[in-house]
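The values are calculated or read from the model by the stated rules, or taken from the named source; none is laboratory data. The structure displayed is predicted, hence computed values, not measured ones. A quick note on method: Cβ atoms are made from the backbone with ideal geometry, for glycine too, and the neighbour counts reach across all protein chains shown. Quick note on the areas: whole protein, heavy atoms, side chains included, nothing else; ligands and nucleic acids left out. Shrake-Rupley method; radii C 1.70, N 1.55, O 1.52, S 1.80 Å.
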Amino acid sequence: MSRKRVLITGAAGFLGSHLCDRFIKEGFHVIGMDNLITGDLRNIEHLFKLEQFEFYHHDVSKFIHVPGELHYVLHFASPASPIDYLKIPIQTLKVGSLGTHNCLGLAKAKGARILVASTSEIYGDPLVHPQNEEYWGNVNPVGPRGVYDEAKRFQEAMTMAYHTFHGVETRIVRIFNTYGPRMRLNDGRALPAFIGQALRGEDLTVFGDGSQTRSFCFVDDLIEGIYRLLMSDCHQPVNVGNPDEISLKEFAEEIIALTGTTQKIVHKPLPVDDPKQRQPDITRAKEILGWSPKVSRKEGLKVTYEYFKSLPKEEWFKQPKEFVAK
Ligand SMILES: NC(=O)c1ccc[n+]([C@@H]2O[C@H](COP(=O)([O-])OP(=O)(O)OC[C@H]3O[C@@H](n4cnc5c(N)ncnc54)[C@H](O)[C@@H]3O)[C@@H](O)[C@H]2O)c1
């Protein structure tokens, strides 16, 4: 029996690489695509020896050609952390708009079902708490984060239009903060930032007074939610995340306890448009997908810390990637 074929864009990134693993495990033929702008081939190098895996080094904001049949497309290519998309704003806008358009066109041409990776950032700095899928968001389009948030909002609109006007089978996942092995220590997000500082013996930087909240989902839980959504018949957006909310100050304290660092917490000014609170309402995911997260923060953090600790020491000190402005 021939294998079902799935294209995963952003395959060399944090989430894309875990998706590749999952679809290989499920018996799919996986075609990974990535331009490596923020990703790293080391995340998927264990897959290159497999017959059911192939890789295209390609920018999805340019026309995409994949020969042969395609049953599913998962569009995960996009810079995802502020430290990246603030440095490459135009590429971020392009991959969310042109890249999504190319993926939708490919799905239409192949008769494939497509799932796009949206984000809790489409809710902006939310005025509704927790955030459910009916909430339209509070986004500043011309603020520094607008390039990411609005690209993702456009992505959702374009995906819905392909569903409505072309009858393409579409799925939209709104991903809330996710963590786990293969994140980059220097990607600027709170969790790797705190762990990186603890490993290097530096104080932990909390922005503002640390009362802003986040809800962290372990990567295995997220991948399970995405897999279920893809296989469901729901074309409406679905939040996938862990509702276990914590303030960033308390979170920093948890990291101090976990790592045993003797360093302290220091405060720095809050970045512009930083969301004050974040918590997914996952009622829809529970009802439609029978999904809820299984991994506690304590378990997930332990696995993630062990991963970062096992990296060669020079990785702990590596500076964030510099990009060529385009
Ligand atoms: N990690 C999270 O907590 C989170 C939360 C919400 C949404 N998301 C979404 O999930 C997706 C993956 O995020 P991640 O955390 O794995 O980020 P990541 O940076 O680790 O992975 C993104 C991948 O996309 C690739 N890429 C970027 N632009 C590309 C282009 N034009 N053509 C081809 N490849 C390109 C990068 O090289 C990288 O490998 C993104 O769409 C992001 O917006 C992630």
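Within the range 7-85, list the GluC sites (Glu not before Pro) lying in a DSSP loop whose Cβ has at most 11 other Cβ atoms in a 10 Å radius. Within the range 7-85, the qualifying GluC sites (Glu not before Pro) (loop, at most 11 other Cβ atoms within 10 Å) are Glu51.
How long is the gain from Ala157 to His71 if the chain were fully straight, where each residue apart is worth 0.36 nm and the alpha carbon distance is subtracted? Kindly include the intermediate steps, with their values, before the conclusion.
On the way: separation 86, 0.36 × 86 = 30.96 nm, distance 2.24 nm.
My answer for the length gained is 28.7 nm.
What per residue convex hull volume, in Å³, do the alpha-carbon atoms of the chain yield?
Working: hull volume 42.4 nm³, N = 326.
Taking the convex hull of the Cα positions in the chain, it is 130 Å³ per residue.
What percent antiparallel are the DSSP beta bridges of the chain, to the nearest 5? Given both bridge residues lie in the chain, the antiparallel proportion sits at roughly 10 percent.
Taking 1 over the mean of 1/r across every pair of different Cα atoms in the range 198-326, what Kirkwood radius in Å do you get? Don't jump to the answer; show the numbers that get you there.
Values: mean 1/r = 0.0585 Å⁻¹.
Its Kirkwood hydrodynamic radius stands at 17.1 Å.
Placing +1 on each Lys and Arg Cβ and -1 on each Asp and Glu Cβ, with no other charges, gives the range 90-237 a dipole about its Cα centre of roughly 560 debye. Counting 0.36 nm for each residue step from Glu26 to His46 and taking away their Cα separation leaves a gain of 5.6 nm. When the Gaussian network model of the chain links Cα atoms closer than 10 Å, the mean-square fluctuations of Leu47, Leu74, Leu115 top out at Leu47. Local charge for Met33 was computed over the other residues whose Cβ lies under 10 Å away, with Lys and Arg +1 and Asp and Glu -1, and equals -3.
Translational diffusion coefficient of the range 152-226 (Stokes-Einstein, Kirkwood radius from Cα pairs, 37 °C, 0.692 mPa s): 215 µm²/s. Once the Kirkwood radius over Cα pairs is known for the range 131-258, the Stokes-Einstein relation at 25 °C and 0.890 mPa s delivers a diffusion coefficient of 146 µm²/s.
Build a GNM of the chain with springs between Cα atoms under 10 Å: which of Asp125, Asp274, Asp21 gets the top mean-square fluctuation? Of the options given, Asp274 has the highest mean-square fluctuation.
Picking from Val128, His58, Ser310, whose Cα lies most toward the positive end of the charge dipole for the chain (charges on Cβ: Lys, Arg +1; Asp, Glu -1)? Positive-end residue among those listed: His58. Under 5 Å from the amide H of Leu115 lie the amide H atoms of Val73, Leu74, His75, Arg171, each residue being 5 or more positions distant or on a separate chain, with H modelled from the backbone and absent for Pro and chain starts. Dipole magnitude for the chain: about 520 debye, using +1 per Lys or Arg Cβ and -1 per Asp or Glu Cβ, origin at the Cα centre. Between the Cα long axis of helix 190-200 and the first principal axis of the chain there is an angle of about 50°, rounded to the nearest 10.
Here Lys62 and Glu322 are evaluated by their C-beta separation; at R0 = 35 Å the FRET efficiency comes out at 0.95.
Axis of helix 146-166 versus longest Cα principal axis of the chain: the two differ by about 20°, to the nearest ten degrees. Taking 7 Å steps out from each Cα toward its Cβ at Gln236 and Glu314 produces label points 5.2 nm apart. Under the combined filter of DSSP loop state and at most 15 neighbouring Cβ atoms within 10 Å, the range 230-326 retains these GluC sites (Glu not before Pro): Glu322.
Between Thr262 and Lys294, what is the FRET efficiency for a Förster distance of 41 Å, r being their Cβ-Cβ separation, to the nearest 0.05? Can you show the working numbers first?
Numbers: r = 33 Å, r/R0 = 0.81.
After rounding to 0.05, the efficiency reads 0.80.
All Cα-Cα separations within the range 263-326 were binned at 5 Å from zero, giving a P(r) of 3, 10, 8, 11, 18, 20, 14, 10, 5, 0, each value a whole percent of the pairs. Among Met160, Met33, the order of accessible area from largest down is Met160, Met33, computed with a 1.4 Å probe on protein heavy atoms. The helix-only estimate of mean residue ellipticity at 222 nm for the chain, built from DSSP H runs of length n ≥ 4 each weighted as -39500 (n - 2.57), is -10000 deg cm²/dmol after division by the residue total. Distant-in-sequence amide contacts of Val168, defined by a placed amide H-H separation under 5 Å and a gap of 5 or more residues or a different chain, comprise His163.
Between Ser211 and Glu306, 0.36 nm times their residue separation minus their Cα-Cα distance comes to what?
31.5 nm
Go through the range 1-64 and name the trypsin sites (Lys or Arg not before Pro) that are in a DSSP coil and have 16 or fewer other Cβ atoms within 10 Å of their Cβ. If you can, show how the numbers build up before the last one.
Working: sites: Arg3, Lys4, Arg5, Arg22, Lys25, Arg42, Lys49, Lys62; in loops: Arg3, Lys4, Lys49, Lys62.
Qualifying residues, ordered by number: Arg3, Lys4, Lys49, Lys62.
Given a 10 angstrom Cα cut-off, can you work out which residue in Phe76, Phe207, Phe48 is the most mobile in a GNM of the chain? Top of the fluctuation ranking is Phe48. The C-alpha atoms of the range 71-211 occupy a region whose extents along the principal axes are 54, 32, 26 Å, arranged from largest to smallest.
Distance from the C-alpha centroid of the range 67-125 to that of the range 221-266: 22 Å, rounded to the whole angstrom. The Cβ shell under 13 Å around Gly180 holds other residues with a net charge of -1, Lys and Arg each +1, Asp and Glu each -1. Per-residue SASA remark: Tyr123, around 0 Å² accessible (1.4 Å probe; ligands, DNA and RNA not included).
Note on the chain: dipole from Cβ charges, positive end direction compared against Tyr227, Phe176, Tyr148; the farthest Cα belongs to Tyr227. Using only Cα atoms, find the angle between the long axis of helix 219-231 and the longest principal axis of the chain, and express it within 0 to 90 degrees, rounded to the nearest 10. So the inclination is approximately 20 degrees.
The charge dipole of the range 45-106, taken about its Cα centre with unit charges on the Cβ atoms of Lys, Arg (+1), Asp and Glu (-1) only, comes to about 280 debye. For the range 1-54, the normalised intensity computed at q = 0.24, 0.31 Å⁻¹ comes to -0.84, -1.32 (log10 of I(q)/I(0), Debye sum over alpha carbons, equal scatterers, no solvent).
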